[in-house]
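*Asks:* Sharing a structure here in structure tokens format.
The values are calculated or read from the model by the stated rules, or taken from the named source; none is laboratory data. Values in this document were obtained by computation on a predicted structure and should not be read as measured data. Ideal geometry is used to build each Cβ from the backbone, glycine not excepted, and the neighbour counts take in all protein chains shown.
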Amino acid sequence: MSEKIRGAEFSLSKIFSSDFDYTIPSYQRPYAWTREEAGELWGDLYDFFVKTDVQDDYFLGSIVLIKEEGKPPAEVIDGQQRLTTLTILLAALAQVSDNSTSAHFRNYLCEPGNPLEGLEPKPRLRLRERDAGFFKKYVQDVHLDELSKEDPSQLNNESQRNIQGNASFFLERLRAEQGKDSDFAKKFGSFLVQRCFLVVVSTPSQQSAFRVFSVLNSRGLDLLPTDIIKSDVIGKMAPENREDFNDRWEDLEVSTGRDGFAEVFAHIRMIYALDKARRSLLEEFRERVLSETNSAEDLFDQVIEPYVKAYLTAKNSTYVSSQNASDVNDLLGWLNRIGNADWMPCAMLVLAKHSSETQGVLMFMQDLERLAAFMNVCGYNVTQRIARYVPVLAELREAKTLAKPIKALDLSESEKEQFRHYLQGNVYDMPNRRRNYLLLRLNAFMGGALPSPTALLTVEHVLPQTMSADWSKDWTAESHQKWVHRLGNLALLGRSRNLQAQNYNFERKKTAYFKGTKNVPDYSLTVSVLNVPEWTPEVVEQRQTELLGVLSENWCIS
């Protein structure tokens, strides 16, 4: 059998056709994309659909298959998350469309069969065995409204809950657009299947397919856009300057690492473009940044070098000043824990242009951390985050000084209300990254130190999720449901749970869980648990109010 590797670009109309019969092997991880990833995909597609020229195409990335040329069976080595999510989106389009249009969308979900061509009716994508039937019943047979009504806790696993959540998300977005334009699903679906492309890399050999997957996912080896930009820039310099600038360029790249260097250039593009990237970094950097500089030497001296230094300062929390440096670096440390780097262009612009204004830098970083925390807690996706940072960057670019606060950093009254709503709700149900940031930030506001990123962290319910008889004298089913996952009932531990102790009565649980070495609590947030003799609804409600007050005061959202 030949191990020839083939690569070709296909529209989704071809990807979801009888040319491909996809199977997700049992050894692959479960479907893991949540509403956050689905939201990012939707945001990218929708933004491109409404804002770009009708002739432009959208590139969705690549997939790697074990597949013989000319034969449909295809084992998915890389790309199952994307293929599964696109299938859910196509099913949602079928769900909201009229009967005639829905029938066309359904053809992308399941092979209808054709006895003249020897084609059997079957799903175009078959998930792992444990989820295949579920996916066929609800998604590929287009029963998404029925799926949305299912109790998530009764579904078999996290993969099925993710499928349900993403199906509901796409239905919500599509129906909102259908309310504004009854023909939206047809037009958007046409864009999706005709103008959205995947690169398919295939080989009949499993060994070869895994080698391709490894190469595609290896870092720091392939030619990066920054290498081509370097060639452009250095090539435009006076011959006598090239060697010196080449050495300085390479020193900067070493200081960040190749991937970090590419990240810097993406942030610079954002500072100049004030918009989400829609094409390759190389294209947009040439168009947005190179065109705005007088010479290649100026580009290096006034843009690349200062922004690389600003990036390193922000990334490593190494701001240097005779005043406020410790506080600024503390805030940069928190920003680096947010879980995304969409705040970085704002920080780089301030540190590159205004680093000597120590008081202004401190005020700016305080406001930036609050804005980043707000979007983190409220679950903003990347498209929403970038849209919110754009006016901040625009105002910064016009500002000659930081003497006056950057108004775009202020939270509006509706944003403050939204922030308070999430803080008052079931905090424990947030994804781990968002929840842990919030609890650690609250702990810091209460005087606790910032733990190491590698430190063990456990979030514990004081009132347990499943009550024993010892708790029933103070708690009803209704009060338990109301308070169990909210901020007032949560504490932080610096060690693994004692699972046998989790349902102890309050006094025993305090000793088993909430006392650290030599009876010193690991986290300041836990002190308020140790300082009360009993754990009743009234105590939790009071603690909730106190903790919300700490957050409101420090983030200025009251």
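*Asks:* Please tell me if residue 243 is among the charged types (D, E, K, R), at pLDDT 80 or above and in contact with a Phe, Trp or Tyr (Cβ under 6 Å, 6 or more places away or on another chain). If you could, list the steps in order and put the result at the bottom.
*Replies:* On the way: among the charged types (D, E, K, R): yes; at pLDDT 80 or above: yes; in contact with a Phe, Trp or Tyr (Cβ under 6 Å, 6 or more places away or on another chain): no.
Spelling it out, it is not the case that residue 243 is among the charged types (D, E, K, R), at pLDDT 80 or above and in contact with a Phe, Trp or Tyr (Cβ under 6 Å, 6 or more places away or on another chain).
*Asks:* Give region 111-145 a look and list any residue that's free of Cβ contacts under 8 Å to residues at least 60 places away in the same chain and touching an Asp or Glu at 6+ places or on another chain (Cβ under 8 Å), or say none.
*Replies:* 113, 120, 121, 123, 138
*Asks:* Please work out if residue 287 is surrounded by 15 or more Cβ atoms within 10 Å (Cβ to Cβ), more than 21 Å from residue 376 (Cα to Cα) and in contact with a Lys or Arg (Cβ under 9 Å, 6 or more places away or on another chain). Lay out the reasoning, then the answer.
*Replies:* Values: surrounded by 15 or more Cβ atoms within 10 Å (Cβ to Cβ): no; more than 21 Å from residue 376 (Cα to Cα): yes; in contact with a Lys or Arg (Cβ under 9 Å, 6 or more places away or on another chain): yes.
Answer is no for this residue.
*Asks:* Look at residue 531 and say whether it is more than 18 Å from residue 440 (Cβ to Cβ), modelled with pLDDT under 90 and surrounded by 13 or more Cβ atoms within 10 Å (Cβ to Cβ).
*Replies:* Numbers: more than 18 Å from residue 440 (Cβ to Cβ): yes; modelled with pLDDT under 90: yes; surrounded by 13 or more Cβ atoms within 10 Å (Cβ to Cβ): no.
No; evaluated as a whole, the condition is false for this residue.
*Asks:* Are there any pairs, at least 6 apart or on different chains, whose C-beta atoms fall under 9 Å, with the first in region 31-51 and farther than 27 Å from residue 132 by Cα and the second aromatic (Phe, Trp, Tyr) and outside any helix (DSSP H, G or I), and if so, which?
*Replies:* Qualifying pairs under 9 Å: 44/58; 48/58; 49/58.
*Asks:* Also, quick follow-up: Applying the selection to region 78-104, what residues are closer than 18 Å to residue 20 by Cα, of a type in the set (A, V, I, L, M, F, W, C) and modelled with pLDDT under 95?
*Replies:* The answer is none; no residue qualifies.
*Asks:* Would you list the strands (runs of 3 or more DSSP E) that sit entirely within region 1-117 and hold 3 or more residues that are farther than 28 Å from residue 280 by Cα and not basic (Lys, Arg)?
*Replies:* Numbers: elements: 6-11, 21-23, 58-66, 73-78.
So the answer is 21-23, 73-78.
*Asks:* Further question: Only one of these is part of a helix (DSSP H, G or I), on the phi < 0 side of the Ramachandran plot and in contact with a strand residue (DSSP E or B) (Cβ under 7 Å, 6 or more places away or on another chain): 441, 397, 435, 420. Name it.
*Replies:* On the way: 441 fails: in contact with a strand residue (DSSP E or B) (Cβ under 7 Å, 6 or more places away or on another chain); 397 fails: in contact with a strand residue (DSSP E or B) (Cβ under 7 Å, 6 or more places away or on another chain); 420 fails: in contact with a strand residue (DSSP E or B) (Cβ under 7 Å, 6 or more places away or on another chain).
So the residue among 441, 397, 435, 420 that is part of a helix (DSSP H, G or I), on the phi < 0 side of the Ramachandran plot and in contact with a strand residue (DSSP E or B) (Cβ under 7 Å, 6 or more places away or on another chain) is 435.
*Asks:* Taking residue 78, is it of a type in the set (Asp, Glu) and over 15 Å from residue 13 (Cα atoms)? Give the steps one after another, and end with the answer.
*Replies:* Working: of a type in the set (Asp, Glu): yes; over 15 Å from residue 13 (Cα atoms): yes.
So residue 78 passes the test.
*Asks:* Separate question: If you take the residues of region 464-480 that are hydrophobic (A, V, I, L, M, F, W, C) and loosely packed, with under 10 Cβ neighbours inside 10 Å, which of them is farthest from residue 504 (Cα to Cα)?
*Replies:* So the residue we want is 477.
*Asks:* Can I ask one more? Answer with yes or no whether residue 67 is farther than 23 Å from residue 29 by Cα and among the basic types (Lys, Arg). Quick ask: steps written out before the conclusion?
*Replies:* Working: farther than 23 Å from residue 29 by Cα: no; among the basic types (Lys, Arg): yes.
The answer is no for residue 67.
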